[in-house]
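Enquirer: A single structure is presented below for examination.
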Amino acid sequence: MIKGFTGAVIGGITSVPGAIIGSFLLGIVENLGIWFLPSGYKDAIAFTLLFIFLLFKPNGILGINKGHKKD
């Protein structure tokens, strides 16, 4: 359930396609990460990715950005 929430946050809570893309991205990063780290770090990789996205892209990959107006 935590991994599903993490995938939804990465993709954008308001976007179903974004949540799917975010979940795929999470799975790919986790599986690439265990090439370099022990497999016990999969959860740590997921939380690190969640932390990075919450810091730099809090709306997610395809989330709605309400702060910008188009003229």
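Enquirer: Out of all the residues in segment 1-28, which are among the hydrophobic types (A, V, I, L, M, F, W, C) and surrounded by fewer than 22 Cβ atoms within 10 Å (Cβ to Cβ)? Let's see the steps before the verdict.
Expert: Taking segment 1-28 and keeping what is among the hydrophobic types (A, V, I, L, M, F, W, C), we get 1-2, 5, 8-10, 13, 16, 19-21, 24-26, 28.
Those that are among the hydrophobic types (A, V, I, L, M, F, W, C) and surrounded by fewer than 22 Cβ atoms within 10 Å (Cβ to Cβ): 1, 2, 5, 8, 13, 16, 20, 21, 24, 25, 28.
Enquirer: Turning to a different aspect of this structure: Let me spell it out: the conditions are (1) aliphatic (A, V, I, L, M); (2) farther than 15 Å from residue 15 by Cβ; (3) surrounded by 13 or more Cβ atoms within 10 Å (Cβ to Cβ), and residue 62 meets all of them except one. Which number is the exception?
Expert: (2)
Any read-out appearing in this document is the output of simple, stated calculations on the displayed coordinates, not a laboratory observation. Keep in mind that this is a model prediction, so the values were computed, not measured. Positions of Cβ are backbone-derived with ideal geometry, glycine not excepted, and every protein chain shown enters the neighbour counts.
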